[in-house]
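Reviewing the structure listed below.
The values are calculated or read from the model by the stated rules, or taken from the named source; none is laboratory data. Remember, it's a predicted structure, so these values are computed and weren't measured experimentally. Cβ sites come from the backbone with ideal geometry, for glycine too, and all protein chains shown count toward neighbours. Note: accessible area is taken over every heavy atom of the protein model, side chains too, but ligands, DNA and RNA are not part of it. Shrake-Rupley method; radii C 1.70, N 1.55, O 1.52, S 1.80 Å.
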Amino acid sequence: MKAVEANADGLIGPTHSYAGLSPGNLASSLNRGEASNPRAAVLQGLDKMKRLADLGLPQFVLPPHERPDIPFLRSLGFSGSDKVVLERAWRQAPAFAAAACSASPMWAANAATVTPSADAADGRVHFTPANLHTNLHRSLEHAQTRRALDALFPDAAKFAVHDALPAVSHLADEGAANHVRLCAEHGQKGVNLLVWGRDAFEAWDGPFPARQTRQASEAIVRRHEAGRPVLAQQSRTAIAGGTFHNDVVCVGALDTLFFHELAFEDPDATKAAIRRAADGLFEPQFIEVSDADLPLADAISSYLFNSMLIQVPGEDRLTLICPTETRDNPRSHAVAQAIAGSNGPIGKVEYVDVRQSMRNGGGPACLRLRVVLTEDELAATNSEMRLTDGLHGALSIWAMRWYRDRLAPADLADPALLDETRGALTGFLGLGSDFYPFQRV
């Protein structure tokens with residue numbers, strides 16, 4: 001059946017900041033305390049979305065979450081008006097206040113794991129929002145993420161949007177950042193590669209947390225009844241080096257898996273398992289970059305593998321859309337150009353500026369959730385959330401009105417920011433008057 005891979009990007013929120021909340025994310029830690037530019041961030045994200053839409057790919061917008069998360073702070077015992085709650089939280093429990101203000105839902109690759117209808121036993125597209133249990137600020141996201149996915153994919157006959165897995169460490173789930181689907185064509189049956197960092201019942205002694213458990217990946221496979229799953233262990237060396245998600249060192253599209261030598265604990269076994277799962281469907285193509293050609297530290301700082309690997313309509317070979325940091329790093333730039341200059345499946349490399357996101361450890365691939373949709377499924381999505389030239393223009397004007405051009409972490413305690421963020425989110429994307437918690441009070 002004919003299908004296309006759509007992208008649903010998280011729209012960067014007004015509280016985008018560098019609070020350094022994510023252990024193991026080296027960019028987040030490095031830039032902690034620096035001032036951010038939320039306005040530039042959201043415009044960069046919008047321009048990246050438009051670039052994909054202009055290439056002919058369906059592009060959707062996932063709305064920012066309400067931040068600061070006042071209901072979360074109230075659940076911790078803070079009371080009074082919303083502004084008083086925020087002020088008291090910053091004074092008495094600043095770590096919780098910072099978590100409540102995080103704009104991390106912008107990274108939609110962590111929003112959910114998706115199984116296309118071609119791979120699901122019931123013929124529906126399945127979504128499981130990630131519980132993001134490992135980090136406090138991200139664990140606040142999944143309920144609102146489900147509301148956004150329900151709004152974008154409202155037809156229950158075609159889409160199944162599940163609740164997140166139980167929020168316990170044994171089932172820690174980081175979403176599509178640890179999932180790659182390989183196939184001959186988007187509408188045909190494929191192989192689902194799910195990468196896990198630790199076994200929930202074994203001790204973990206690494207310097208940084210291994211965020212995805214094998215048991216969470218197994219549960220999602222069962223829940224979605226996903227065909228041809230391959231579960232592979234993420235490299236302990238990569239995690240220790242700052243690879244907090246597998247998509248920092250691995251990306252795939254159609255029959256091609258592009259990855260760093262240190263992406264998997266056992267790369268040969270992983271490739272063999274993928275070949276077995278793909279037998280009779282397609283022949284996988286593996287592009288493996290050695291640590292000698294691109295040391296792990298350069299792979300992480302340049303985010304070569306956190307690029308978007310896409311099939312542009314009408315083109316036979318894939319296009320790799322990299323952050324400008326890849327171009328600025330001599331080693332990663334040389335690898336990218338060599339791949340594009342070869343006769344392999346990747347024929348072109350392009351660069352996008354998402355520097356504001358990159359400074360928090362999120363490249364082009366982090367900002368999007370990939371969803372394979374048939375023509376009928378695409379027609380059943382919420383058209384008001386699909387990016388058009390008109391919506392891009394309207395959102396750009398909206399960002400100029402509501403977003404600050406400088407935000408230091410200390411500014412998150414400013415009660416005026418609460419009014420600004422709520423003003424920005426009112427009447428947003430046709431989502432109605434009760435989409436956000438503050439609208440339902």
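Quick one: is Val84 under 21 Å from the mean Cα position of the chain (by Cα), part of a helix (DSSP H, G or I) and of a type outside the set (Ser, Thr, Tyr)? Before the answer, list the steps.
Values: under 21 Å from the mean Cα position of the chain (by Cα): no; part of a helix (DSSP H, G or I): yes; of a type outside the set (Ser, Thr, Tyr): yes.
Spelling it out, it is not the case that Val84 is under 21 Å from the mean Cα position of the chain (by Cα), part of a helix (DSSP H, G or I) and of a type outside the set (Ser, Thr, Tyr).
Would you check if there is a residue in segment 350-364 being within 26 Å of Asp69 (Cα to Cα) and without any contact (Cβ under 8 Å) to a residue 60 or more places away in the chain?
Looking through segment 350-364, none of the residues is within 26 Å of Asp69 (Cα to Cα) and without any contact (Cβ under 8 Å) to a residue 60 or more places away in the chain.
Checking Asp9 against (1) in contact with a strand residue (DSSP E or B) (Cβ under 6 Å, 6 or more places away or on another chain); (2) of a type outside the set (Ser, Thr, Tyr); (3) open to solvent by 40 Å² or more (accessible area, probe 1.4 Å); (4) within 30 Å of Ala394 (Cβ to Cβ), which test does it fail?
(3)
Scan segment 320-354 residue by residue and report those that are of a type outside the set (Val, Ile, Thr), part of a helix (DSSP H, G or I) and closer than 17 Å to Ala253 by Cβ. Working first, answer last.
Narrowing segment 320-354 to residues of a type outside the set (Val, Ile, Thr): 320, 322-323, 325, 327-334, 336-338, 340-345, 347-348, 350-351, 353.
Right, trim to part of a helix (DSSP H, G or I) and you get 325, 327-328, 330-334, 336-338, 340.
Across segment 320-354, the qualifying residues are Ala336, Ala340.
Using the structure shown, decide if Val168 is farther than 30 Å from Ser75 by Cβ and in contact (Cβ under 8 Å) with a residue 24 or more places away in the chain. Break it down stepwise before answering.
Details: farther than 30 Å from Ser75 by Cβ: no; in contact (Cβ under 8 Å) with a residue 24 or more places away in the chain: yes.
No, not satisfied.
Residues being in contact with a Lys or Arg (Cβ under 8 Å, 6 or more places away or on another chain) and among the aliphatic types (A, V, I, L, M): count how many of those fall in segment 325-365.
5
Across segment 208-244, which residue is nearest to Leu262 (Cα to Cα) among those that are free of Cβ contacts under 8 Å to residues at least 40 places away in the same chain and part of a loop (DSSP other than H, G, I, E, B)?
Ser235
Scan segment 134-177 for residues that are crowded, with 23+ Cβ neighbours inside 10 Å and in contact with an Asp or Glu (Cβ under 7 Å, 6 or more places away or on another chain) and report the count.
Going through segment 134-177 one residue at a time, the tally reaches 2.
Looking at segment 262-307, which of the residues that are among the hydroxyl-bearing types (Ser, Thr, Tyr), within 30 Å of Leu30 (Cα to Cα) and in a helix (DSSP H, G or I) is most open to solvent (accessible area, probe 1.4 Å)?
First, pick out the residues of segment 262-307 that are among the hydroxyl-bearing types (Ser, Thr, Tyr): 270, 290, 301-303, 307.
Within this subset, residues satisfying the condition of being within 30 Å of Leu30 (Cα to Cα) are 290, 301-303, 307.
Those still in the list that are in a helix (DSSP H, G or I) too: 301-302.
Details: Ser301: 70, Ser302: 1 Å².
Filtering segment 262-307 for residues that are among the hydroxyl-bearing types (Ser, Thr, Tyr), within 30 Å of Leu30 (Cα to Cα) and in a helix (DSSP H, G or I), the one most open to solvent (accessible area, probe 1.4 Å) comes out as Ser301.
Tell me the residue from Gly45, Gly33 that is of a type in the set (Gly, Ala, Ser) and in a loop (DSSP other than H, G, I, E, B), please. Write out each step before concluding.
Details: Gly45 fails: in a loop (DSSP other than H, G, I, E, B).
Answer to the check: Gly33.
Checking Tyr351 against (1) touching a strand residue (DSSP E or B) at 6+ places or on another chain (Cβ under 8 Å); (2) surrounded by 22 or more Cβ atoms within 10 Å (Cβ to Cβ); (3) among the hydroxyl-bearing types (Ser, Thr, Tyr): exactly one of these is not met. Which one?
(2)
Return the pairs, sorted by first residue and then second, in which the second residue is outside any helix (DSSP H, G or I) and of a type in the set (S, T, N, Q), the first residue lies in segment 422-441 and is open to solvent by 40 Å² or more (accessible area, probe 1.4 Å), the beta carbons are less than 6 Å apart, and the residues are 6+ apart or on different chains.
Close Cβ pairs (under 6 Å, with a partner that is outside any helix (DSSP H, G or I) and of a type in the set (S, T, N, Q)) amount to Gln439/Ser433.
So is Ser383 closer than 30 Å to Thr237 by Cβ and either polar (S, T, N, Q) or at pLDDT below 95 (or both) or not?
no
In segment 112-128, which residues are farther than 14 Å from Arg181 by Cβ and buried (at least 24 other Cβ atoms within 10 Å of the Cβ)? Walk me through how you get there before you give the answer.
Step one: of segment 112-128, the residues farther than 14 Å from Arg181 by Cβ are 121-124, 128.
Correct list: Thr128 only.
Name the single residue that is nearest to Ala278 (Cα to Cα) among those in segment 182-207 being touching a helix residue (DSSP H, G or I) at 6+ places or on another chain (Cβ under 7 Å), part of a loop (DSSP other than H, G, I, E, B) and modelled with pLDDT of 95 or more. Quick ask: steps written out before the conclusion?
Step one: of segment 182-207, the residues touching a helix residue (DSSP H, G or I) at 6+ places or on another chain (Cβ under 7 Å) are 182, 191, 193-197, 199-200, 206-207.
With the extra rule that they be part of a loop (DSSP other than H, G, I, E, B), the set shrinks to 197, 199-200, 206-207.
Checking the rest, the ones that are also modelled with pLDDT of 95 or more come to 197, 199-200.
On the way: Gly197: 23, Asp199: 26, Ala200: 28 Å.
Applying the filter and picking the extreme gives Gly197.
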